[in-house]
Amino acid sequence: MTGMNGEDLELIQELLNEINILRKEKKAVIVSHTYQRGEVQDISDLVGDSLELSRYCASSDAEVIVFCGVHFMAESAKILSPGKTVLLPERDAGCPLADMITAEDLRELKDRHKDAAVVCYINSSAEVKAESDICCTSSNAVNVVKSLKQKDVIFVPDKNLGSYVAKSVPGKNIILWEGFCPTHYRARLEDLIKAKELHPDALVLVHPECRPEIVEKADFVGSTKAIINYASKSSHDKFIIGTEMGVLHSLTKNNPGKKFYLLSQGFVCPNMKKTTLKSVVNSLKEMKYRIELPEEIRTKALRALQRMLEVT
Ligand code: 13P
C-alpha cells in the first residue's frame, strides 16, 4: 500500500467504512491467514496459521465467518462449524498443493498399504480428509504422527512436510505422496546460499513446506505463526524468512528494531493474494461465496479434524 495518492487513500477509507458497517450488520467475523495482504490482515478479527484458524472457527459463536485465505481453509471452517455461514471472498482462491491428490488417489494408496494409518495435511480437500484417519497442520504434524500407534503412516499430499516429519519421528515408516506447494518449491538452495552471503549474521527461519535441503540448513523450522513468534521473541535482530511474504507484514509492523529478508523473491502465493478489501466488501454485501458440503463427506472429514484438535 506504499506509493498511494490521496484518491487511493480515500477509496481505501471508504472500503474500510463499508466493511465496518457490514460486519456489524451481518454479525460476521473476519479471519485471515498470515499469507493474506497486509491491509486484509489489518481488518481481521484474527490473523493466524492453519491450526489457530481451525481452533478459532471451531469455537467461535459468530453467525458468519468471512475466511480470507484459500478454499481448503474455508472448507475446514465449514466442516468444524456446519451451523455457520462460511464465506470465501474469492471463489478461485484455491491451493495447488491440495489439488495434487484426489480421494480416488488416496483410496488406491490405502489399498496398497492396508495396515498404515492415514494422515492428511490440512491443505487437502474435504473428500481427502474424509478418507483419512487424522488431519495435521504444519504446526502439529510431528505430534500427530507421534500420537499414532501404527508404524506405517501414509502422509499426503505434501512430500516436503512429510519428509520433515519422517526425520523428526525416525521410528515410523512414512509413505509419502508426490505433492508440493509451488510457492515454497520455487525457493532453491542457491537462494539460501545467496541470502546467507548477503546477511551472514541473520538467523534462517523456514516453513517445512520448503525443499528438504533448505529445511536442513535452517536455524528454525515451523509454521507461519511459529516463525512470527520465534522472530518476535528472539534477542537476534536479523532474520532470513523462508515462507510466503505475507508473514513480513506482522513481522515488520511489530518488530521495528529488527530486519527481515525474504529467502526468495518467489515467495508470493498468487492465490493468497487474490483477496482484497474490495473482495471482502463484496463478500459481506452479497454473502458470497458460501461453502457448502455434502453432509456425509463433512461428518467423515470432521472426524479427522477433531482427532487432530484432540492431539494438540
Ligand atoms: P501454516 O498455516 O500451518 O503455517 O501453513 C501454511 C500453509 O500451508 C498455507 O497454505
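The values are calculated or read from the model by the stated rules, or taken from the named source; none is laboratory data. No experiment lies behind these values; they were computed from the predicted model shown. Please note: Cβ atoms are built from the backbone with ideal geometry, for glycine as well, and neighbour counts cover all protein chains shown. Note: accessible area is taken over every heavy atom of the protein model, side chains too, but ligands, DNA and RNA are not part of it. Shrake-Rupley method; radii C 1.70, N 1.55, O 1.52, S 1.80 Å.
Looking at this structure, is CYS210 within 12 Å of the ligand (Cβ to nearest atom), in contact with a strand residue (DSSP E or B) (Cβ under 6 Å, 6 or more places away or on another chain) and within 18 Å of SER139 (Cβ to Cβ)? Yes. Condition (residue is among the β-branched types (Val, Ile, Thr), farther than 24 Å from GLU178 by Cα and free of Cβ contacts under 8 Å to residues at least 60 places away in the same chain) applied to the stretch 90-102: is it met by at least one residue? Within the stretch 90-102 (the criterion being among the β-branched types (Val, Ile, Thr), farther than 24 Å from GLU178 by Cα and free of Cβ contacts under 8 Å to residues at least 60 places away in the same chain), the answer is no, since none of the residues qualifies. Specify the residue that is least open to solvent (accessible area, probe 1.4 Å); the eligible residues are those in the stretch 53-80 that are more than 16 Å from the ligand (Cβ to nearest atom) and out of contact with any strand residue (DSSP E or B) (no Cβ under 7 Å at 6 or more places or on another chain). So the residue we want is ILE79.
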